[in-house]
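The values are calculated or read from the model by the stated rules, or taken from the named source; none is laboratory data. What you are looking at is a predicted structure, and each value in this text was computed from that prediction instead of being measured. Positions of Cβ are backbone-derived with ideal geometry, glycine not excepted, and every protein chain shown enters the neighbour counts. Calculation scope for accessible area: heavy atoms of the full protein, side chains included, ligands and nucleic acids excluded. Shrake-Rupley method; radii C 1.70, N 1.55, O 1.52, S 1.80 Å.
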Amino acid sequence: MRMSSMFSRTLREAPAGADCKGYEYLLRAGYIKQMGAGIFSLLPLGFRSITKIQEIVRQEMNRIGGQEILMPLVNPADIWKETGRYYSIDKEMARFKDRVGRDMVLAMTHEEAVTDIARGEIDSYKRLPLTVYQIQTKFRDDPRPRAGLIRVREFTMKDSYSFDRDQAGLEKIYNEHYNAYFRIFSRCGLPCISVASDSGMMGGKIAHEYMYLSPIGEDTIITCKKCGYTANKQVAAFKKDYYPEDMKEIEKVETPEAKTIESLASYLNIQPEKTCKAVFMVGSFISDKTGEEEDKLIVALIRGDMEVEENKLQHAARANELRPAHEEEITACGMVPGFASPIGAKGNFICIVDDSVAKSNNLVAGANEAGYHFLNTNFGRDFQGTVADIASAKSGYKCPHCGAPLESSKGVEIGNIFQLGTKYSEAMNCYFQDEDGKQKPVIMGCYGIGIGRLLACLAEEYNDENGLKLPIAVAPYQVHLVSLLKDNSIADGIYEELQSEGIEVLYEDRKESAGVKFADADLIGIPIRITLGNRSLKDGNVEVKLRGTGETTSYSIEGLGKQIRQEIAKEQKKMDDAIVEKYL
RNA sequence: CGGGCAGUAGCGCAGGGGCUAGCGCACUUGGUUCGGGACCAAGGGGUCGGCGGUUCAAAUCCGCCUUGCCCGACCA
């Protein structure tokens, strides 16, 4: 590609609002262009990188037996009504009516679509197992896109779906994906870790996320350095200390102004772990069948020394959504905010009790009377509820496996894998006849990779003060040929030769000053730069500089194509040597 | 959805009732220069986000709307 005729161009200054380096360089180098909030175009350079990433993804998915398909972005709402997600997903899913008034949606994922196809294809166990995948556009109307390609509304995703007759089959393909993902990310050059995760709106039980650890990430990951335990904070477990003792008589005491755990603990001169905190949320419970919505107050009880993890609470309460409760909703159930507990409360509410409360005794809890608390309250005797782990893990807490102190870090989710089970096959009647003649629901898994987000993470990982320096496997071109001569005829010849060797060349043939050419080359960050200038030309040489390391060598123009092919092979080998293989 | 900031040329910004709306970069033409964002000269490019109001006069003041960014809520 000649730079003189390239569609995009570079920017000297960063567009306002480009907050992180990777995003700034992608914009300035002309890889991408924003069109709206969370909506981007890929320009030629960006598109080439994305294409390379997709090709790596394809190879690895094919390697584990995936068959590539392409499903429609526009789905009839009917299939989303079948699974209930038409109702349970809120404004995040774009909806519209077609010309005859049929409800349509823009698919934000494709479990419904793929299950709809599969139920027509899979009738016998003989057809299983099957895995299909696609690389396709998703639209999720995120309330707050940010950080360039990290969190967008329209994005390209590789999503695959597996169909098995039993759990063992699911586990096999799940494990194959688990490893394939490590191979994909490492072939792209992106360091990442896998963490146990929540299944979110996908449903299902076992799930992992792939995280690129970076301060720009929005997810919090809890890790144990000692034993290797990792989990998203939303689901991270930790070892709690309990303080069982003999139950004492409940007793009401005056606690004026003690509306918070800190003030209560200091007023009574006790530790926070001797108190019981009540957190009020309102959960919405939506019927999958009718879409009818019901709100119900949820009282979450947790020991005063811990915080509630909303995600865990939502699961424990089986709520579709959670929001903080309004004061009236709390008082309506006979509880007094600041001095609240379920003791003596009435009305329709759900009480979820963290095991820290259930397994400790004689805690101080609200008396539902302004200025008063109870001493020595005990779960089971004074109040009831569903016991669950709803506590939020944080750094310093004990690892659930080995007890070592946990650490917390930020990460960007670049992929996820879910064991769906039969949630979609049952809802959509995707059954097969097994050897025993019985109809059984197909067991499914789904597996995603955010392609654009992967590029964004790579840009974040590979840059310096001058611009991008993407690894050769994902860089838009392998070689950047920079001619500094007034007359391009020698460079034209080199360009032709390199291309005939099958090398991907970006050719700087513009009439610009050397400074501009070098600055743009650094910004775009092609891994191998060939400089043709008078300095080396007098010896019949060109300079070859590696963007990654700055390492420079001279090569004769004679036979340059072969030399460069070797350079490319060396760069590629570095990456191949770093391929990560990991199995569950 | 709450809170904050912003929208003036492709990009970054200035101008804050008055005459032809400016600067840097980018762009065009001519000339000089030619290995790390050159120089000289002459040019081109604007519904000042939109609608309405106040005024003799609005980019400028007021109202509504809209779009983008940041923080939170939310989210893969």
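Descriptive notes on the structure:
- Residues in the stretch A:525-539 carry Karplus couplings, in order, of x, 5, x, 10, 10, 9, 10, 10, x, 4, 3, 9, 4, 5, 9 Hz; the curve used is 6.51 cos²θ - 1.76 cosθ + 1.60 with θ = phi - 60°, and Gly or Pro positions show x.
- Protection proxy ranking of A:485-491, A:155-161, by the mean of other Cβ atoms within 10 Å over each peptide's residues and highest first, is A:155-161, A:485-491.
- Accessible-area rank, largest first, for A:MET6, A:MET1: A:MET1, A:MET6, with all protein chains present and a 1.4 angstrom probe.
- Charge-dipole axis of the stretch A:477-577 as Lys and Arg at +1 and Asp and Glu at -1 on Cβ define it, positive-most pick from A:SER536, A:GLN566, A:TYR555: A:SER536
- Alpha-carbon Rg/Rh ratio, for the stretch A:293-448, with Rh computed the Kirkwood way: 1.10
- Unpartnered cysteines - no second Cys beta carbon under 4.7 Å - across chain A: A:CYS20, A:CYS188, A:CYS192, A:CYS276, A:CYS333, A:CYS351, A:CYS430, A:CYS446, A:CYS457
- Heavy-atom accessible area per residue - the stretch A:394-504, 1.4 Å, Å²: 37
- Ligands, DNA and RNA aside, A:GLU465 has an accessible area near 140 Å² when probed at 1.4 Å.
- Extending 7 Å from the Cα toward the beta-carbon at both A:GLU327 and A:ASP98 defines two label points whose distance is 5.2 nm.
- A:GLU121 paired with A:SER41, simple spin-label distance in nm, labels 7 Å along Cα-to-beta-carbon: 3.5
- Each Cα pair under 8 Å and six or more residues apart adds its separation to the average, and for chain A the resulting relative contact order is 18 percent.
- With a Förster radius of 60 Å applied to the beta-carbon distance between A:PHE285 and A:ASP539, the computed FRET efficiency rounds to 0.15.
- Fraction of accessible area attributable to carbon and sulfur, chain A (%, probe 1.4 Å): 49
- 3J(HN,Hα) from dihedral phi, the stretch A:339-355, Karplus parametrisation 6.51/-1.76/1.60, rounded to Hz, x for glycine, proline: 9, 9, 7, x, 5, x, 6, 9, x, 9, 8, 10, 10, 10, 10, 5, 5
- Using Cβ point charges alone (K and R +1, D and E -1), the dipole size of chain A about the Cα centre works out to roughly 1120 debye.
- Residues in the stretch A:251-388 average 46 Å² of solvent-accessible surface per residue, probe 1.4 Å, ligands and nucleic acids excluded.
- Heavy-atom accessible surface of A:GLU504, to the nearest 10 Å², is about 60 Å², with a 1.4 Å probe and all protein chains retained.
- Distance from the stretch A:117-145 to the stretch A:73-103 (C-alpha centre basis), Å: 17
- In terms of packing, defined here as the mean over residues of other Cβ atoms within 10 angstrom, the peptides A:237-250, A:333-346 line up highest first as A:333-346, A:237-250.
- Cross-link table A:LYS81/A:LYS423; A:LYS21/A:LYS410; A:LYS52/A:LYS573; A:LYS81/A:LYS172; A:LYS81/A:LYS138, entries beyond 24 Å C-alpha to C-alpha: A:LYS81/A:LYS172
- Here A:LYS33 is the anchor, and the aspartates and glutamates within straight C-alpha reach of less than 14 Å, apart from those fewer than 8 places off in the same chain, are A:GLU24, A:GLU154.
- FRET efficiency estimate (nearest 0.05) - Cβ-Cβ, A:ASP78 to A:THR260, R0 56 angstrom: 0.65
- Normalised Debye scattering of chain A at q = 0.07 Å⁻¹ gives log10 I(q)/I(0) of -0.56, counting only Cα atoms as equal scatterers and leaving out solvent.
- Helix A:514-524 vs. chain A, principal-axis angle (Cα, 0 to 90°, nearest 10): 40
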